[in-house]
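**Student:** So that we are looking at the same thing, I have put the structure below in structure tokens.
The values are calculated or read from the model by the stated rules, or taken from the named source; none is laboratory data. All of these numbers come straight from a predicted model, not from anything done at the bench. No Cβ is skipped: glycine too gets one built from the backbone with ideal geometry, and neighbour counts run over all protein chains shown. Surface areas here come from the heavy atoms of the whole protein model, side chains and all, with no ligands, DNA or RNA. Shrake-Rupley method; radii C 1.70, N 1.55, O 1.52, S 1.80 Å.
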Amino acid sequence: MARRLGWRLVLRIEDLDTPRIKPEAAGRIIETLLWLGIDWDPIDAATPVMVQSHDLEPYRDAMRRLASGSLAYPCSLTRAEIERAGSAPNRGDTHDTPYPSRLRPDVRPLDFDAVNTAAAANADPEAGLGANWRFVVLDGGVRFDDAFAGPQSHDPASSIGDFVLWTKRDQPSYQLAVVVDDHRQGITDVIRADDLLDSASRQLLLYRALSLRPEPRYTHLPLVLGPDGRRLAKRHGDTRIDHYRARNVPRDAVVGLLAAWSGITPRNERIRVSPAEFMQAFELSRLPRSPVTFTTEDDQWLVSQAR
């Protein structure tokens, strides 16, 4: 979509989930994208790719504004303690632990740096600061129009509650980091999988709390799932691009399968498609409305194309 519509396309390495980050992961991501025929526009002459962990100051500045505006507060409750709260919202399909508003302390203006400095002075090195910072989610829904999923109405107050902004590891959460980065990189359009559709409402709340304009346009597309209806993972075997590359499956076969999934070619008539052909034929209106299933037949076809 970016290349068809003449947008700038930037690459951002989101590497703040420290315990799960592997040192070689970023290089492999870049290598895989280039192999698939995907390129991007440099941020500037000296910075071809943005790496979140290289500079945490923009996220700290956002936290200072939220904390001083009584929109964020430290919370030392554990996940188990929150889950035991009788009035916790329904978990739903989220990786976060829902946080009921009745657990929220009296919120007042706070000095983010001073609170964290004091916490660090008494912190257990293994436990980190000892508290997460949470965002004050007030009652009332968030509405927006998604370019693919259509009109949306979500109520984070009832579904997730006060979500984490800053972690015990003294790092920003995904929700905060992505908002700060999208704004400072001038992102106008966010196109991603629909498992993050619920996150859009939380991110829009942060845009508004931080007075960031303009808000991005969202396009949430169906995920590719395994035959059991769950997102692709190790339980489905090795479905990584690297796995097929190692088996000498050509790029045009992988892109051809994407073309079949995207409505460019008939679903049951898999053919090889080059990246240039895919880009030329891609239309949002052709995409299926329901999740795509990566079938055993898809895997067998890819393997059969190996040189």
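**Student:** Compute from the Cα atoms of the chain the Rg and the Dmax, the latter being the longest Cα-Cα distance, and quote both in angstrom.
**Tutor:** 21.5, 65
**Student:** By DSSP, what percent of the beta bridges with both residues in the chain are antiparallel, rounded to the nearest 5?
**Tutor:** Beta bridges within the chain, antiparallel portion: roughly 60 percent.
**Student:** Find, among the trypsin sites (Lys or Arg not before Pro) in the stretch 1-48, those assigned to loop by DSSP (not H, G, I, E, B) with at most 14 other beta-carbon atoms within 10 angstrom.
**Tutor:** 8
**Student:** When the chain is fully extended, how far beyond the present Cα-Cα distance does residue 290 get from residue 147, taking 0.36 nm per residue of separation?
**Tutor:** In short, 50.0 nm is gained.
**Student:** Could I have the simple spin-label model distance between residue 2 and residue 235, label points 7 Å from Cα toward Cβ, reported in nm to one decimal?
**Tutor:** Modelled inter-label distance: 3.2 nm.
**Student:** Compactness ratio of the stretch 90-243: Cα Rg over 2.2 N^0.38 Å, N = residue count?
**Tutor:** The reported ratio for this selection is 1.20.
**Student:** Follow-up question, since we're still on this one. Can you tell me how much longer the chain between residue 60 and residue 274 gets when fully stretched, taken as 0.36 nm per residue apart minus their C-alpha distance, in nm with one decimal? Walk me through the intermediate numbers first.
**Tutor:** Numbers: separation 214, 0.36 × 214 = 77.04 nm, distance 4.33 nm.
Stretched out fully, the residue 60 to residue 274 stretch lengthens by 72.7 nm.
**Student:** Let me ask something additional. With n ≥ 4 as the cut-off for DSSP H runs, can you work out [θ] at 222 nm for the chain, using -39500 (n - 2.57) per run divided by the number of residues, rounded to the nearest 500?
**Tutor:** My calculation for the chain gives -9500 deg cm²/dmol from helical runs alone.
**Student:** Let me ask you something else. Could you work out how far apart the two model spin labels at residue 28 and residue 78 are, taking each label as a point 7 Å from the Cα in the direction of the beta carbon, and quote it in nm?
**Tutor:** 3.3 nm
**Student:** To continue, here is another question. Given a 1.4 Å probe and every protein chain left where it sits, what share in percent of the accessible area of the stretch 179-295 is carbon and sulfur?
**Tutor:** 51 percent
**Student:** Tell me, in nm to one decimal, what length is gained between residue 20 and residue 101 on full extension, where the rule is 0.36 nm per residue of separation less the Cα-Cα distance?
**Tutor:** Extra length available between residue 20 and residue 101 comes to 26.2 nm.
**Student:** A further question on this structure: Using a probe radius of 1.4 Å on heavy atoms only, what accessible surface per residue do you get for the chain? Whole Å² is fine.
**Tutor:** Working: 16580 Å² over 307 residues.
On a per-residue basis, 54 Å².
**Student:** Specify the residue with the greatest mean-square fluctuation among 45, 149, 85, computed from a Gaussian network of the chain linking alpha-carbon atoms under 10 Å apart.
**Tutor:** The residue that fluctuates most here is 45.
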